[in-house]
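The values are calculated or read from the model by the stated rules, or taken from the named source; none is laboratory data. Treat the numbers as computed from the prediction; the structure is a model and nothing was measured. A quick note on method: Cβ atoms are made from the backbone with ideal geometry, for glycine too, and the neighbour counts reach across all protein chains shown. Heads up: the accessible areas ignore ligands, DNA and RNA and are worked out on the full protein's heavy atoms, side chains in. Shrake-Rupley method; radii C 1.70, N 1.55, O 1.52, S 1.80 Å.
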Amino acid sequence: MSKFIIQGGSKLSGTIEVKGAKNLALKIIPASILSSSPITITNLPNIEDVNKSLELIESLGGKVERSSNSCTIDTSNIKNAKLDNHLAGQFRASIMFTAPLLARFGKVEFPHPGGCVLGAGGRPIDLFLDGFAAFGAKISLNERSYIIEAPILVGCEFFFNIVSVTATESMLMCACLAKGTTTLKNCAMEPEIIALANYLTEMGVKISGIGSPTMIIEGITNINAGVFDVIPDRIEAGTFAIMAALTKSNIKITNCNPKHLEILLNIFKKQEIVFETADTSIEIFPTETIKPYGIKTHEYPGFPTDLQPPFTLLATQANGTTLVHETIYDQRLLFTDMLNHMGADIITFDPHRVRVTGPTKLYGHKLISPDLRAGITLILAGLIATGTTQIDNIYQVDRGYENIDQRLKALGANITRVE
Ligand code: EPU
């Protein structure tokens, strides 16, 4: 298993370019199944979760031509709508294959998806099952798999009891090939969902209400496919912005969309972190004293849960106390124990709330990356810690951040990958 060894304390500076959004790439790859004509995807991040998604396409019988940051997918030869149990069981986003397979083939068989364990009972898929049933599908379950069958999907009205990113995207994909009109209510509104919906519109589907809680979709029988450019990863951009503030460095983050990070940048203003934005970049300037500012995670445009772990780390360096309230997942604050091992002062009130008191000095430690966002946060903690930090299980970080060690090294970080 690979690990990172980090010597803390190096000053960082320079420019870092943001890659394509993981949480869009992982939707547009399975969306290729909606059409039997080939799609070309550009600005594709070269990360482990994308590799797994493309493997899943191939395991179904699709053809993938890949270069480092783009690919062409031809799904015309897919005949089989059964997801490989081993592969699909390894990552949560495999759930994104179920709707397009069901919509195109009238049947899909899949195991419970794997991925980061962020909730006490695992991560549920009830919204997906309820949604498929609303389109008229029959659902059965055997020892290892769910089997969903619907020779014809029929347009419906569906209300999401919980605002869910992947469930919204999945029902949107079902609606595209369903007979008649579908109304989806209480939809998630993340920029990645807007990008997916805009693409489907370009490919011939009529969708109104894109970017609002209610989308109305007129199903069609044949979806075209074209070229899709993945939008910049707002979570990666936000992580780098937090890293710059944390290390008190001057870093310019390019190829990003500051409008997708409005809440983080507003909070930076409250914290008196100095920065400048342009259309596609954010430049952070060294700020000696950071003010505390409490956060509560929320669906977009609220504070993203995926930025909560690095922000909580930043709070350890703010002057005073910060309350962090994680509302989306109940295991996403567990990593704060590791920050405490490094010297942080974080008190847990309950699985959803912690109080961070800063500033505290952090010291190098031997750690294991529990999941993607906690993993990158431990790397950032290592960058400001005194001494050496070792982080094991960095596969978790490679799942979502392309070539992170080399990119941080280019800014001056002392980080080494040990195989
Ligand atoms: N939920 C249910 N039932 C369901 C689905 C979700 O109860 O059937 C609950 C979840 O347990 C959670 C809440 O709904 O409490 C919201 O979860 P959501 O479904 O929105 O999460 P997701 O769609 O599985 C996506 C991202 C996550 C990101 C969340 C929230 C992808 C592949 N994943 O997950 O990304 O944290 O939205 O923004 O798009 C990450 O990148 O590290 C990551 C975990």
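Taking residues in region 363-390 that are under 16 Å from V418 (Cα atoms) and of a type in the set (S, T, N, Q), and partners anywhere that are within 14 Å of the ligand (Cβ to nearest atom) and open to solvent by 10 Å² or more (accessible area, probe 1.4 Å), the pairs with Cβ atoms closer than 7 Å and at least 6 places apart or on different chains are S369/Q396. Candidates are the residues of region 155-174 that are more than 11 Å from A133 (Cβ to Cβ) and over 27 Å from the mean Cα position of the chain (by Cα); the one that is farthest from the ligand (Cβ to nearest atom) is G155. Here P292 qualifies as of a type outside the set (F, W, Y), open to solvent by 10 Å² or more (accessible area, probe 1.4 Å) and over 19 Å from the mean Cα position of the chain (by Cα). Among the residues of region 222-253, those that are at pLDDT 95 or above and of a type in the set (G, A, S) comprise A237, G238, A241, A244, A245, S249.
In region 142-191, which residue that is touching a residue at least 12 places away in the same chain (Cβ under 8 Å) and among the acidic types (D, E) is farthest from L24 (Cα to Cα)?
Of the residues in region 142-191, the ones touching a residue at least 12 places away in the same chain (Cβ under 8 Å) are 144-191.
Narrowing further to those that are among the acidic types (D, E): 149, 157, 169, 190.
Details: E149: 26, E157: 25, E169: 10, E190: 10 Å.
My answer is E149.
The set of residues in region 124-152 that are within 22 Å of D84 (Cβ to Cβ) and surrounded by fewer than 12 Cβ atoms within 10 Å (Cβ to Cβ) comprises S140, L141, N142, E143, R144. Count of region 178-194 residues, restricted to those that are within 16 Å of the ligand (Cβ to nearest atom) and under 22 Å from N222 (Cβ atoms), is 1. The listed residues are T247, T239, and the only one of them that is open to solvent by less than 30 Å² (accessible area, probe 1.4 Å) and closer than 19 Å to D398 by Cα turns out to be T239.
Scanning region 256-309 for residues that are among the small types (G, A, S) and within 16 Å of the ligand (Cβ to nearest atom) yields one hit, G302.
Only one of the listed residues (L323, L333) is out of contact with any Ser or Thr (no Cβ under 9 Å at 6 or more places or on another chain) and over 19 Å from G364 (Cα atoms). That residue is L323.
Can you spot a residue in region 26-46 that is of a type in the set (K, R), within 27 Å of Q390 (Cβ to Cβ) and within 16 Å of the ligand (Cβ to nearest atom)? Can you show your working first?
Pass one, region 26-46, residues of a type in the set (K, R): 27.
The next check asks that each one be within 27 Å of Q390 (Cβ to Cβ); those that pass are none.
Checking region 26-46: not a single residue is of a type in the set (K, R), within 27 Å of Q390 (Cβ to Cβ) and within 16 Å of the ligand (Cβ to nearest atom).
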